[in-house]
Amino acid sequence: LQTAEELRKQPEDTGLDAAIEKYKEAVDLDPRYAVAYARLASTYIYLWQVRQVPGTLELARSNCVRALDLSPDLAEGHLASAELLGETGDKQGALDEVEKVLVRDRVNPGALLYQAEIYDRLNRWSEAEDSYKRAIRERPNSWIIYNELGTVYHRQGKFSAAIEVFRTAAAAAPGNARPLSNLGLEYLQTGDLAAAKEYFK
């Protein structure tokens, strides 16, 4: 499982296929390892998102079912199920799965983050903002959460608020180009071309 986790984190998804094989080894070694089934399900969902490989969502579904059969209260199992439902268009079902996690753990960062993403997709921006802010309280150093909150502000035309959180995201991840690029885009929206140019550089 640890090897799979490391492979899953490799840049540009270069370890994705190998990670899946290692997750499968983990469940072969211990067929009652609910966490491994949940992580395998989540990885299959991600594989579908990045490559649209046919059959991966059905594999994800089977592994979600197995994880929750083994451990009905497993947060990772419900989150994988939420991802699957969201990916197949059942956003309310996804929210219901996330709520099952939050009922037991109101500050579960993964659940709050995914809840915010679903609210964002539904254009329920005030609820998305609230979930992202709650997630930030739990993970104050996560540049990704700040970055996603900035995107929510951008979609609402709140460019000044977006600039503030993208700056925080950039400070939290100084080697990452994405928040800097987002800052450049926000400054373009406000008409500050000089600042936009600096951030794009």
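The values are calculated or read from the model by the stated rules, or taken from the named source; none is laboratory data. Remember, it's a predicted structure, so these values are computed and weren't measured experimentally. Glycine also receives a Cβ, built like all others from the backbone with ideal geometry; neighbour counts cover every protein chain displayed. To get the accessible areas, we keep the full protein, side chains included, count just its heavy atoms, and leave off ligands, DNA and RNA. Shrake-Rupley method; radii C 1.70, N 1.55, O 1.52, S 1.80 Å.
Key figures
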read-out: Cross-chain or 6+ apart pairs with Cβ under 8 Å, the range 90-112 first and among the basic types (Lys, Arg), then open to solvent by less than 70 Å² (accessible area, probe 1.4 Å); value: Lys91/Leu85; Lys91/Ile118; Lys91/Leu122; Lys100/His78; Arg104/Ala75
read-out: Tally of residues being part of a helix (DSSP H, G or I) and either open to solvent by less than 30 Å² (accessible area, probe 1.4 Å) or touching a Pro at 6+ places or on another chain (Cβ under 7 Å) (or both) across the range 88-108; value: 7
read-out: Filtered residues of the range 11-29 (kept if in a loop (DSSP other than H, G, I, E, B) and open to solvent by 70 Å² or more (accessible area, probe 1.4 Å)); value: Thr14
read-out: Candidate set: the range 166-182, residues that are open to solvent by less than 70 Å² (accessible area, probe 1.4 Å) and assigned to a loop (DSSP other than H, G, I, E, B); chosen: the one modelled with the lowest pLDDT; value: Asn176
read-out: Any hit, the range 132-155, residues being touching a His at 6+ places or on another chain (Cβ under 8 Å) and either crowded, with 17+ Cβ neighbours inside 10 Å or in a loop (DSSP other than H, G, I, E, B) (or both); value: no
read-out: Test result for Glu117, outside any loop (DSSP other than H, G, I, E, B), touching a helix residue (DSSP H, G or I) at 6+ places or on another chain (Cβ under 9 Å) and open to solvent by 20 Å² or more (accessible area, probe 1.4 Å); value: yes
read-out: Among residues of the range 65-87, those that are within 17 Å of the chain's Cα centre (by Cα) and either touching a residue at least 40 places away in the same chain (Cβ under 8 Å) or crowded, with 20+ Cβ neighbours inside 10 Å (or both), counted; value: 12
read-out: Near pairs, Cβ below 8 angstrom, 6+ apart or cross-chain, from the range 170-190 (free of Cβ contacts under 8 Å to residues at least 24 places away in the same chain) to any residue that is of a type in the set (Lys, Arg) and open to solvent by 20 Å² or more (accessible area, probe 1.4 Å); value: Leu183/Arg167; Gly184/Lys197
read-out: Any hit, the range 35-43, residues being over 20 Å from Gly110 (Cβ atoms) and surrounded by 16 or more Cβ atoms within 10 Å (Cβ to Cβ); value: no
